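Everything on this sheet refers to the single structure shown next.
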Amino acid sequence: MSLLSVDNISVRYGQLTALRKASIKVDEGETLFVTGPNGAGKSTLLKAIAGVVTPREGFIQFAGKHIAGKAPEDIARLGFSMVPEGREVFGGLSIDENLRLGTGMRADKDQVAKDMEQIYAVFPMLKDRKDQQAGVLSGGQQQMLVIGRALMAGPKLIAIDEPSLGLAPKVIDDVYSTLIRLRDSRGLTLLIVEQSATRASLTGGRMVLMRSGEVALEGDARELVKGDALRQAYFGYGEH
Amino acid sequence: MTALLQVLFDALSLGSLYALGALGIALIFGVMRLVNFAHGDYIAFCVFAMLWPSIDAAAIVFAGNLPTIILVPFILAVGAGLSVLSEIVVFRRFRNANPATMMIASFALGFVIKYFLLMLYSSRPKSIDLWSNLTQQIEFFGARIPPLQVITIVVTIVILIALTAFLKRTRFGLEMRAAAENFTMARMLGVRANRVIMLAFAVSGMLAAAIGLILVTQTGTVDINMGANLMLVAFVATVIGGLGSLPGAVLAGYLIGAATVIMQVVLPPDARPFRDAFVYGAVIAMLVWRPNGLFTSKATKQRV
Amino acid sequence: MADRPSILERTWSTPVILIGILAALQLAALAVGSGPFNQTIIEIFIRVVLVVGLFVFIGNSGVISFGHIGFTCLGAYMTAWLTMLPAIKKSKLKGLPDIILNNKLAYGWGLVAAVIFAAIAAYVVGKVLMRLSGIAASIATFAVLAVIIQVYSNWDTVTGAQSSVVGIPIVRVVWPYFLCAIVVVIVAYLHQISRSGLALRAARDEATAASASGVNIPRERLIAFTISGGIMGLGGAMFAHSVGVVTPDTFYLGLTFITLSMLVVGGMNSLSGAVLGVVVLSIIIQLLRWMEKGVDIGGASFALPLGVQEIAIGVVMIVILMYRPSGLTRNRELVWPSNKLSARGKPNAPADGKTA
């Protein structure tokens, strides 16, 4: 059984349909990329899973529980950790407090201190400035912080919305190499929204392509990028 | 020198009341973007809780006869209880409403509380003698200062320190500060929305109760409108301080208190009756100069 | 952008329906003809003027103003100064200029002067404040109200300070109030469909897009603020002539909130909401007042205790807002059933009622 399965969900904002019967599955330990053009409904998909928007129809199952329409905090407590678009650090809280915020719901309190050490080992820059306000960090540093913050919540799955948005290419490389390292060392399950299919193929994993609120294509990231199907699906002239 | 000391004490004690009021309003605004106009009526309600319901002119003191050590926690609990109750019964249903709708709903709630008190106690102000020895003046370096002023200032400082410690050092405090900055993100990290909001209401209600106790000791009367004016100034202070900023609210409260007392001293006698007009004029100038308040955090600027 | 005739064609039925509602009230007053009933209808017409006045600024700009009742105060005192008997003025309000002190105008001129005075005051205030938005603007307008009330409550020789100014000529017939209400509804409607009104509504819903397409938001707000200030002044003057007494306290928070509540309960983004909010809440208030006085039910007299009326109004308001957060009209305008479709497509009627 999949860790996360999204089954035919639809989301509307007023008159606008953002998701139309979209379905995805994420298995334990795998990396799934969700890609597609602007307005394809990628972010809405994550928000629906996180409980920030409520789907009009369809089912969402996470860790064996139905979660569609549940409150964000209840979904987070099942082990779904979200890194939303635009990072959303708590600028007025210290870096240490940002990291500790998600630990309140963990049952394994003795593990928290160890995890904190690990996070600081992976991001030494955060440790140096742990008592400073998070608002002073640069975009790349903030991205590291929110990934660290998501990890501190002790999640079964981390969902990241556009980790490369607004970052310099060099910094994007850093972010992804850190993600791969963490994934491989800790056996994380990742769900990443990423506009660049190339970036997905470099990282490796499964990929779904969304267009106009629907899942248009699904397969191995590297295979898809090699073939023609992706471009056709992306630009929408695939079906003759 | 003594005159200066007098002004200083007056300004600090008036500012303390405003600061406590502004803090109560800013706490709620921080977690749910609600400007709670019922706050002033919480103050009145807490004071009336000391009396037995009766529409007679004379106050029948009831809970007010309890020993101080029980009375104070009791009144604080009344404030917290009323505030949390209004969250559960009313404000919870307005979480997704726009700020104007919430504001009017809070006004309507205040209206209900006020007329509930009127129904039970009538609209006539009643006098009540609570710790009246505190208002007798004592000499302090030549200035005549009632101990109540000193107590007001000290109590406010203690409350501020306790609240700061609560916000900075406890898990609840961390969650509240996070929720005030970005509620949705906090929830996505497992922060329980209902718990944080109820806690904010409880603290806010206790602050209202504290103000009520100070006011009733100062004036020796209970009146269904006793919180209204203070609430308005506190509300203005919250905005001048930068909405969502708790230190800002406190500082702005003291600033308005100081401005009021200083105007009283420096204005020519003919203009003194217009003191409040000058204070509000200064408020307008301040808002035009700094629309986002004196101490705006980056987070609130984007969202308000 | 649609051109003006087509907007007029699509929306003209709204003011017609609203005036029809007001006319029904006027007819009821004529039919009943009793003094107290007339006074009730007059009160409703005054509130219609005040709430529509609020709507012109708040509804169209999306900025909540707590200060408009200040302009009502200005209007009320202006007409009092102009229309009272010189003898009374000389004994109570000695500080007035001689030309006012020695003359007395008909109440019609008092109304006109009230509108002009309040509109000028609103223009001056708006010139300073219209750069602000959101809560800062709301607080600034409240501060304006506080300044006006503080000055009027303390300026002994000109306003009589906190004591009542009595001796204002009382107008007991209903039709002048009816006429004023109609004029105000038409003015509000014309402003709403004017270029300036449309631009302001566009800015309310999409501030960035509107200012990017050349809408000068402070200027459009200032126009609306001035017009609504004038209307509030008219309402104040009407109030002064309906009861013959004014005090500064009348024009403070109580009136501010009751009028704002009527607007929000009706639906603050629509003119129909302003009128309906007044009518519905006024009817509820009136029913409760009667019950407070005591009603005979099956021979037994039954009266509500004092205070229950207000408690019930508060509860009704909360319940309406809970189930209709965007007001009774859901921020839509009332239109004939035949052109409902085109009206629903109006760009300025968002269903969710979100404001800036």
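Taken together, the values in this text are just the output of simple stated rules run on the coordinates, not laboratory data. Please read all numbers here as calculations on a predicted model, not as lab measurements. With ideal geometry, Cβ positions are generated from the backbone for all residues, glycine too; neighbour counts draw on all protein chains shown.
Tabulated data
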| item | result |
| --- | --- |
| Charge dipole magnitude, Cβ of K and R +1, D and E -1 - the stretch B:2-303, Cα centre, debye nearest 20 | 1220 debye |
| Spatially near lysine pairs across chain C, Cα under 30 Å, sequence gap of 8 or more or different chains | 7 |
| Coil-residue trypsin sites (Lys or Arg not before Pro) of the stretch C:152-217, DSSP, other Cβ within 10 Å capped at 14 | C:ARG172 |
| Average partner coverage of B:91-100, which counts Cβ from other chains inside 10 Å | 5 |
| Helical contribution to [θ] at 222 nm, DSSP H n ≥ 4, -39,500 (n - 2.57), averaged over chain C, rounded to 500 | -22000 deg cm²/dmol |
| Residue among B:ASP270, B:ASP223, B:ASP56 with the largest mean-square fluctuation in a Gaussian network model of chain B, springs linking Cα atoms under 10 Å | B:ASP270 |
| Rotationally averaged projected area of the stretch B:2-303 (alpha carbon convex hull; nm²) | 16.5 nm² |
| Taking only Cα atoms of the stretch C:182-264, radius of gyration then Dmax in Å | 15.8, 50 |
| Spacing of the two label points (7 Å from each Cα toward its C-beta) at B:ARG95 and B:ILE55, in nm | 4.1 nm |
| Segment C:VAL315-C:TRP12, length gained on full extension (0.36 nm per residue, minus Cα span) | 105.6 nm |
| Residue order, fewest to most surrounding Cβ atoms within 10 angstrom, among B:PHE111, B:PHE94, A:PHE59, C:PHE251 | A:PHE59, B:PHE94, B:PHE111, C:PHE251 |
| B:ARG272-B:GLN136 FRET efficiency (beta carbon distance; Förster radius 22 Å; 0.05 resolution) | 0.25 |
| Centroid-to-centroid separation of the stretch C:155-203 and the stretch B:248-289 [C-alpha atoms, Å] | 31 Å |
| Number of partner chain Cβ atoms within 10 Å, mean per residue of B:227-237 | 2 |
| Above-threshold pairs, the threshold being 28 Å between Cα atoms, out of A:LYS42/A:LYS109; A:LYS21/A:LYS156; A:LYS127/B:LYS168; A:LYS70/A:LYS114; A:LYS109/A:LYS130; A:LYS170/A:LYS226 | A:LYS42/A:LYS109; A:LYS70/A:LYS114 |
| Cβ-based exposure ranking for B:TYR42, C:TYR123, B:TYR121, C:TYR323, in which fewest neighbours within 10 Å come first | C:TYR323, C:TYR123, B:TYR121, B:TYR42 |
| Residues with amide H under 5 Å from that of A:LEU19, placed H, sequence gap 5 or more | A:VAL11 |
| Gyration tensor (alpha-carbon) shape descriptor, the stretch C:106-185, a/c threshold 1.5 | oblate |
| Over the stretch C:4-255: Rg over Rh, Cα atoms, Kirkwood Rh | 1.00 |
| Between the stretch A:144-209 and the stretch B:40-68, the Cα center-to-center distance that results, in Å | 60 Å |
| Rounded, prolate or oblate (a/c below 1.5 giving rounded, otherwise prolate when a/b exceeds b/c) for the stretch A:75-140 by Cα gyration tensor | oblate |
| Per-residue mean of C-beta atoms belonging to partner chains within 10 Å, peptide B:277-289 | 6 |
| Angle in degrees between helix A:109-122 and the longest Cα principal axis of chain A, rounded to the nearest 10 | 80 degrees |
| Relative frequency of Cα-Cα separations exceeding 39 Å in the protein assembly as shown, percent | 49 percent |
| Alpha carbon centroid spacing (whole Å) that separates the stretch C:27-68 from the stretch B:95-126 | 23 Å |
| Helix runs (DSSP H) in chain B reaching 24 Å along axis by Cα, Kyte-Doolittle at least 1.0 | B:2-32, B:68-89, B:99-121, B:147-169, B:193-219, B:246-266 |
| Prolate/oblate/rounded label for the stretch C:135-289 (Cα gyration tensor, a/c 1.5) | prolate |
| A:LEU224, C:LEU101 arranged by Cβ crowding within 10 Å, fewest neighbours leading | C:LEU101, A:LEU224 |
